[in-house]
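**Student:** Have a look at this one.
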Amino acid sequence: MKFALFTGCVAKGATRELMLSTMKSAEGLGIEFIEMKSAACCGAGVVSEKNPLLADALNARSIAIAEEQDLDLVTICSTCQGILKKTESHVDSDPAYKEKVNNVLEEGGHHYAGGKIKIQHFANVLGTEEGLKLLRDKVKRPLTGLKTAAFYGCYVLRPSGLSLYEDPDNPTGMEEIFEILGATPVYYDSRTKCCGFPIIMMNKNASHDMAGNALIDAIDSGADCVVTGCPLCHLSLDAYQPEIDRMNKKGCSIPILHLPQLVALALGYSPQELGMDKHIISTTRLDEILA
Amino acid sequence: MIKHDIVIVGSGLAGMRAALEVCEGLDVAILSKVYPTRSHSGAAQGGIAASLGNSEPDSWEEHLYDTVKGGDFLNDQDAVEEYVKAAPRVIYELEHFGCVFSRTPDGKIAQRSFGGHSKPRACFSADRTGHAILHALHEQLLKRSKSIKIYSEWYMHSLVLDGDRCNGIVVSDIRTGAVEVMQARAVIFATGGYGRVFNITSNAFASTADGVMAAFRAGIPLEDAEFVQYHPSGLYRQGILFSEAARGEGGYLLNGEGERFMEKYAPSRMELAPRDIVARAEQSEMDAGRGVDGKDIIHLDLRHLGEARIMERLPQIRQLGIDFIGVDCVKDPLPIQPTAHYSMGGIPTDKFGQVITDAEGTHVKGFFAAGECSCVSVHGANRLGTNSLLEAVVFGERAGKSAFEYAKTVDHAPVNESHEKTKVLEQFEGIFQQNGDESYNDIRNQMKKVMTENCSVFREEKQLKTCIETIEKLQEKFKNGKITDKGKLFNTEIYEILELENMLAMAEIIAKGALDRKESRGGHYRIDYPKRDDKNFLKHSLAYKTDDGIEIKHKPVVITKHQPAERTY
Amino acid sequence: MITFKIKRYNPEKQAEPYFEDFKLDVQEDLTLLDCMNKIKWTLDGSLTYRMSCRSAICGSCAVKVNGHATLACQRQAAHLAKDDTIVLEPLGNMKPIKDLAVDFKPFWDKIDKVKPYLQPKQKAPEKERVQSPEQFKLIDDSSTCIMCGACHSDCNVLEVDENFLGPAALAKAQRFVQDSRDGKTLERVKNLSKPGGIWDCTHCGECVERCPKPARPFDRIKEIMTVALEQGVTNNNGARHALSFAKSVKSSGRLNENIIPVESVGFFNFKGLFDLLPVGLRMFFKGKNPPILHKSIDEVEDVKRIYMELDE
């Protein structure tokens, strides 16, 4: 398995532990990731607020870069995944628009073909038959006793037509991975909801309330930790957790993991190797469960 | 007692347009048993007619002739003339209100061909024209929210008529069950049609004859009730409308043998002949065993239009096919059959929206009507497509104007509140107390079945008599029903029962009118009297409530420019 | 055989809602509304819900099915069943009156707030105002909205903040913001940029997912954002955030997460900056803060070129 890795900005910035654990789990599984060093930010749906064509052009360029390497593209961020799929859909559905976009890319030496490569989230790759088999074969330290709650991130689920999950209203892809890693998946209603990150600068209270509701739901459903495929969700649920009013009133907290961290833990890597000591909410409670 | 200057019952196109006409200077209320944007006007798809001439040169004279010929010469031509003359101004006004219209390349309101019209004069908004106009008027209503009070989810039970003067209505709040009398100087009905008496209908569940029956019970006759339009393209078994616009854009009608059978029935207009002719053609093919797979199905074939045109002009129809029957009209033909669609008949009015009560045109003071619930008559024996949206807006405005002028000249008249309230309260109580063993649902289904089988596209004396007998038996059974929900809070069950009572009465009037009219004209076709009989039946019917049942009198047709001629397409 | 688990509620009888099961044999082509009617008309006449056209145009019959809002008449019941069960609840973010019927007044109040009627540029001409097919296209999608409330029901922000205008009101606002005949664009986007408006949308996509028509409210909200930025309405965190984001990508191809929060709240917004301190310090002490020396992507010149070409 060899992929072009679209890292996204946050894995290189505020959540470098995501990048670290992604490379570790790739190493442990024998997956080869070629980092797309010249791919620009996906725009996160924010650049398109200013200029939709610009956002699509930048993303079509990124997809073209992977096409040129003849490699499927893998994202490690739900937001990047959703945004790239949106661009793919916009450009593929309108030949005149596609031509417009390619006219812009040409001068830089790129051409978006469309339909040549797959754009998948790391969780989708692991969820394929081949991916699941790899996991089964390579698990060294089954995460027995660890109750894990998935938090998918809006952009990999909606709009459902662009989601790679079979039933985006009731996805099970991440939970299937948890089971193979030996953990016990916890199902709860809020796992498909929004973490509130997009409005953290605009409406802090609403943002925190959304995150808080999701976390309390996970805790009440018996989870030891929340595992997410999106570093923006991670920031909202972890870095901002001490400020979440609803959690403080309840006097509770819960550690948040990136999906690759969970995978790498099961492959035998230590929490320190995976940057888990960088988290705002301490993950030491999990060491006890895994011991 | 609630008091307003003008009360409008029904908040579709006609009702809302009337409200906009009367709200400057008078205290106006508009009342509907559903929230205004849920009104059935929104379901109209194809277009609204006007001789704008944006696509081809056109004139009101041609629109007049097409409408009168389409109505099989039963229309009152003086009214039709004023109505078609008003059309262009009315369309421009809607556009000025902000209504979203599909446009020509040079930015004018686009117009398309439609059944029975000799020129493309249907102004449209994709295939959601009724929806577009409904929302444009609703927006204007919201703009004037300080001048127009909306009573949403209130039911109108009866008219308060004192001699020849209307003084208000008796209503109840569906949410609380509270009964109230609304005293008014003038009342306008814009309550829509009654397709729900039939099994296969395009109409919403709300189209249950409440307004027309309130007028009828108050002693006002119903005009031309036997004229019901069966729209040719209703979804098979469900009746959901597939707009005539599909044929306007070039769609074909095919029988089970893949033939464009309209060649035999209307060789010059083909699929764009008036609806009654197309519906009869379809029914004839199906009755002769030439339906698709031998069933009562005709194919509406749009494949040759191509996906781009369908997505631009008929996107909603495509989605309806996919959602309701799993057929994508880009790839496969749609299965259709005739569906009860429009009520040409209704409360008789003059051409100003003033309700009249006899052939001489005696006014019912303070009572006005507009839209499908009225009969002016601009449609005669058969309505052309796109003429109903026009009727609603033109006569909503006219009835509003008439009501406004009248209301300025009178004061409120006294109303015996407790007497009026008691009648309705007793009706409620009666239903609550009934402990019979008949199922209202079964009664409703049997009514719909007998009407569809015996009083629809093709009618005949024996069948009509069976129909009337059955309806009378069902009315007896109705007195032996039993209600489940005896609460007051949002009791939708009891309102469905009141609606059923209205529908049974309406069904009887339609069937009796059909029995009485021994000729075929427009939407009313008698197998035993297949020809049009101008000598004996070039007249409107007026069905009255008497102690001995329904009595049918007649009213002359106003003929000005066009003498009745042979109607072929 | 499908079991319908329906949330009943009748404050006349008891204060709390409860679930009641109804079993029905459901043929292939029955819609969910057909089933609800069958239950009401043959099993329990007191089951209360709204419905009218049954052809997906009046917007009366939106309900929550298995946790998500949908139009009951538009969906085949057999396709909705999960393990032969369908759970029916009233729409979310609205107070139930009885069973599946909810109070729509707050919904209509929000629609009112966006001045949902044309405010024309000039006096009306004698005939129609000219509007090109391209201009029609801009408002075509939002004009398909049937006000069913499904988007409002499932909006993640409305769940926690009832001050938010919500997707339906904002989509309706776009219908006028981008109507070439309307003369109040600047005023509209100014109002829509205030707290509770477009910048409070969290992009969760629920509204687009649940909308039974092509209205796609979230796409409409983004269109308003673009117009607001074009019109220079930028004195708010949401607009500043978008501009800072775009600027960062232009200069380095990536987000500079140290600068963006500061530029979003505004350099002189001392309170806003102060509010950022806790999370900033927290991350600093954990070594989580983004590197101060911000590296560009490879070939960043190509990105700058694209910006020059597409974004003045």
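**Student:** Which strands (runs of 3 or more DSSP E) sit wholly inside the range B:154-233 and have at least 2 residues that are over 30 Å from B:GLU285 (Cβ atoms) and not hydrophobic (A, V, I, L, M, F, W, C)?
**Tutor:** On the way: elements: B:154-162, B:165-173, B:179-183, B:186-189.
So the answer is B:154-162, B:165-173, B:179-183.
**Student:** Still on this structure, I have one more. Among the residues of the range C:204-226, is there at least one that is among the small types (Gly, Ala, Ser) and part of a helix (DSSP H, G or I)?
**Tutor:** Checking the range C:204-226: not a single residue is among the small types (Gly, Ala, Ser) and part of a helix (DSSP H, G or I).
**Student:** Output the qualifying pairs, or none if there are none: Cβ atoms under 6 angstrom, residues six or more apart or on different chains, first residue in the range B:303-317 and within 12 Å of another protein chain (Cβ to nearest Cβ), second residue part of a helix (DSSP H, G or I).
**Tutor:** B:ILE317/B:ALA246
**Student:** Limited to the range B:70-126, what total is found for residues that are of a type in the set (A, V, I, L, M, F, W, C) and either over 20 Å from B:LEU384 (Cβ atoms) or away from chain C (no Cβ under 14 Å) (or both)? Please lay out each step first, then the result.
**Tutor:** At the first step, the residues of the range B:70-126 found to be of a type in the set (A, V, I, L, M, F, W, C) are B:73-74, B:79-80, B:84, B:86-87, B:90-91, B:94, B:97, B:99-101, B:109-110, B:114, B:122-124, B:126.
From the residues that got through so far, the ones that are either over 20 Å from B:LEU384 (Cβ atoms) or away from chain C (no Cβ under 14 Å) (or both) too are B:73-74, B:79-80, B:84, B:86, B:97, B:99-100, B:114, B:122, B:126.
Total satisfying the criteria: 12.
**Student:** Tally time: how many residues in the range C:143-153 are within 9 Å of chain B (Cβ to nearest Cβ) and not aliphatic (A, V, I, L, M)? Break it down stepwise before answering.
**Tutor:** Taking the range C:143-153 first, the residues within 9 Å of chain B (Cβ to nearest Cβ) are C:143-147.
Keeping just the survivors that are not aliphatic (A, V, I, L, M) gives C:143-145.
Of the residues in the range C:143-153, 3 are within 9 Å of chain B (Cβ to nearest Cβ) and not aliphatic (A, V, I, L, M).
**Student:** I'm trying to understand the selection: among the residues of the range B:128-186, which are within 13 Å of chain C (Cβ to nearest Cβ), over 17 Å from B:GLY400 (Cα atoms) and charged (D, E, K, R)?
**Tutor:** Hits for the range B:128-186 are B:ARG128, B:GLU139, B:LYS143, B:LYS146, B:GLU153, B:ASP173, B:ARG175.
**Student:** Given the criteria in contact with a helix residue (DSSP H, G or I) (Cβ under 8 Å, 6 or more places away or on another chain) and more than 10 Å from chain A (Cβ to nearest Cβ), does C:LEU293 qualify? Write out each step before concluding.
**Tutor:** On the way: in contact with a helix residue (DSSP H, G or I) (Cβ under 8 Å, 6 or more places away or on another chain): no; more than 10 Å from chain A (Cβ to nearest Cβ): yes.
When the stated conditions are applied, C:LEU293 does not pass them.
**Student:** Take the residues of the range B:34-89 that are among the polar types (S, T, N, Q) and in a loop (DSSP other than H, G, I, E, B): which is surrounded by the fewest Cβ atoms within 10 Å (Cβ to Cβ)? Lay out the reasoning, then the answer.
**Tutor:** Of the range B:34-89, the ones among the polar types (S, T, N, Q) are B:37, B:39, B:41, B:45, B:51, B:54-55, B:59, B:67, B:75, B:77.
Keeping just the survivors that are in a loop (DSSP other than H, G, I, E, B) gives B:39, B:45, B:51, B:54-55, B:59, B:75.
Details: B:SER39: 30, B:GLN45: 28, B:SER51: 23, B:ASN54: 21, B:SER55: 18, B:SER59: 13, B:ASN75: 31.
Once the filter is applied, the top-ranked residue is B:SER59.
**Student:** Please work out which one of (1) within 20 Å of the chain's Cα centre (by Cα); (2) buried (at least 18 other Cβ atoms within 10 Å of the Cβ); (3) within 11 Å of another protein chain (Cβ to nearest Cβ); (4) free of Cβ contacts under 8 Å to residues at least 40 places away in the same chain is the condition C:PHE136 fails and give its number.
**Tutor:** (1)
**Student:** For the range A:173-190, indicate whether the set of residues that are at the interface with chain C (Cβ under 10 Å from one of its Cβ atoms), under 14 Å from the mean Cα position of the chain (by Cα), at negative phi and touching a residue at least 24 places away in the same chain (Cβ under 8 Å) is non-empty.
**Tutor:** There is no residue in the range A:173-190 that is at the interface with chain C (Cβ under 10 Å from one of its Cβ atoms), under 14 Å from the mean Cα position of the chain (by Cα), at negative phi and touching a residue at least 24 places away in the same chain (Cβ under 8 Å).
Here is a yes/no grid of residues against (1) touching a helix residue (DSSP H, G or I) at 6+ places or on another chain (Cβ under 7 Å); (2) closer than 30 Å to B:HIS117 by Cα; (3) small (Gly, Ala, Ser):
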| position | (1), (2), (3) |
| --- | --- |
| B:GLN463 | yes, no, no |
| B:LYS486 | yes, no, no |
| B:THR492 | no, no, no |
| B:LEU515 | yes, no, no |
| B:ARG532 | no, yes, no |
| B:LEU542 | no, yes, no |
| B:ASP548 | no, no, no |
| B:VAL558 | yes, yes, no |
| B:THR568 | no, yes, no |
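**Student:** Restricting attention to the range A:145-163, which residues are surrounded by fewer than 20 Cβ atoms within 10 Å (Cβ to Cβ) and touching a strand residue (DSSP E or B) at 6+ places or on another chain (Cβ under 8 Å)?
**Tutor:** Across the range A:145-163, the qualifying residues are A:GLY145, A:LYS147.
**Student:** Identify the single condition in (1) within 23 Å of the chain's Cα centre (by Cα); (2) surrounded by 21 or more Cβ atoms within 10 Å (Cβ to Cβ) that B:ILE494 does not satisfy, given that it satisfies every other one.
**Tutor:** Tallying (1) within 23 Å of the chain's Cα centre (by Cα); (2) surrounded by 21 or more Cβ atoms within 10 Å (Cβ to Cβ), B:ILE494 fails exactly one: (1).
**Student:** Report yes if some residue within the range A:23-37 is surrounded by fewer than 20 Cβ atoms within 10 Å (Cβ to Cβ), free of Cβ contacts under 8 Å to residues at least 60 places away in the same chain, at the interface with chain C (Cβ under 9 Å from one of its Cβ atoms) and outside any helix (DSSP H, G or I); otherwise report no.
**Tutor:** yes
**Student:** So, one more: Please go through the range C:105-122 and give me each residue that is at pLDDT 95 or above and more than 7 Å from chain B (Cβ to nearest Cβ), ordered by number. Write out each step before concluding.
**Tutor:** From the range C:105-122, those at pLDDT 95 or above are C:105-120; that's our starting set.
Residues satisfying the conditions are C:LYS105, C:PRO106, C:PHE107, C:TRP108, C:ASP109, C:LYS110, C:ILE111, C:LYS113, C:VAL114, C:LYS115, C:GLN119, C:PRO120.
**Student:** Turning to a different aspect of this structure: For the range B:52-65, indicate whether the set of residues that are facing chain C (nearest Cβ under 9 Å) and closer than 27 Å to C:SER142 by Cβ is non-empty.
**Tutor:** Here is the first cut: in the range B:52-65, the ones facing chain C (nearest Cβ under 9 Å) are B:52, B:54.
Of the ones still in play, those that are also closer than 27 Å to C:SER142 by Cβ are B:52, B:54.
Yes, that holds for at least one residue.
**Student:** Another question, then. Right, B:SER207: within 11 Å of chain C (Cβ to nearest Cβ), hydroxyl-bearing (Ser, Thr, Tyr) and over 20 Å from B:TYR151 (Cα atoms) or not?
**Tutor:** Working: within 11 Å of chain C (Cβ to nearest Cβ): yes; hydroxyl-bearing (Ser, Thr, Tyr): yes; over 20 Å from B:TYR151 (Cα atoms): no.
No; evaluated as a whole, the condition is false for this residue.
**Student:** Can you spot a residue in the range B:431-438 that is under 30 Å from B:ARG275 (Cα atoms) and within 12 Å of chain C (Cβ to nearest Cβ)? Let's see the steps before the verdict.
**Tutor:** At the first step, the residues of the range B:431-438 found to be under 30 Å from B:ARG275 (Cα atoms) are none.
No, the range B:431-438 contains no residue that is under 30 Å from B:ARG275 (Cα atoms) and within 12 Å of chain C (Cβ to nearest Cβ).
The values are calculated or read from the model by the stated rules, or taken from the named source; none is laboratory data. As the structure is a prediction and not an experimental result, all values here were calculated from the model. Positions of Cβ are backbone-derived with ideal geometry, glycine not excepted, and every protein chain shown enters the neighbour counts.
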